[in-house]
Amino acid sequence: MGYSLVLEVPDNIYASLVNAAKQLDESPEQVALHYLTTAIERLSDDPLEQFIGAFDSKGSQWADRHDAYLGLALLAETSADDDTGLNNG
């Protein structure tokens, strides 16, 4: 059984759907359904999903603070470069 779904999309998104529909000789609704189906299949077919929760990350804040950790790693890397004279121009 199928379901109807009514969406209000911005003008630029609708224009993109119309352009794609013209190229594929389909309706914008068919193109939108195809895009939505593809996106959901990609999410449900994640090859790494089996590993979620399989390893102890030694803390739970890494996901919330990943930008800070990447920044610290970059700072450490550039500091190491400065110590070797690679960034002295």
How many nm separate the modelled label positions at Gln30 and Asp64, each set 7 Å beyond the Cα in the direction of the Cβ?
4.8
Residue separation between Val18 and Thr78 times 0.36 nm, minus their alpha-carbon distance, gives in nm 16.8 nm
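How long are the semi-axes of the equivalent ellipsoid of region 1-67, taking √(5λ) for every eigenvalue λ of the Cα gyration tensor, in whole Å from largest down? Please list the in-between numbers first.
Numbers: eigenvalues 265, 50, 27 Å².
So the equivalent ellipsoid measures 36, 16, 12 Å along its semi-axes.
With +1 on the Cβ of every Lys and Arg and -1 on the Cβ of every Asp and Glu, and nothing else charged, how large is the dipole of region 1-81 about its Cα centre, in debye rounded to the nearest 20? Numbers along the way, then the final one.
Numbers: 4 positive and 14 negative charges, 17 e Å.
Here the size comes out at about 80 debye.
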Whole-Hz ³J(HN,Hα) from phi, Karplus 6.51 cos²θ - 1.76 cosθ + 1.60, for region 34-42, glycine and proline x:
4, 4, 5, 4, 4, 5, 5, 5, 5
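Every number here is computed from the coordinates shown, using simple stated rules; none is lab data. Just so we're clear, the structure is a prediction, and the values are computed from it rather than from any experiment. Counting neighbours? That spans all protein chains shown, and the Cβs are built from the backbone with ideal geometry, glycine included.
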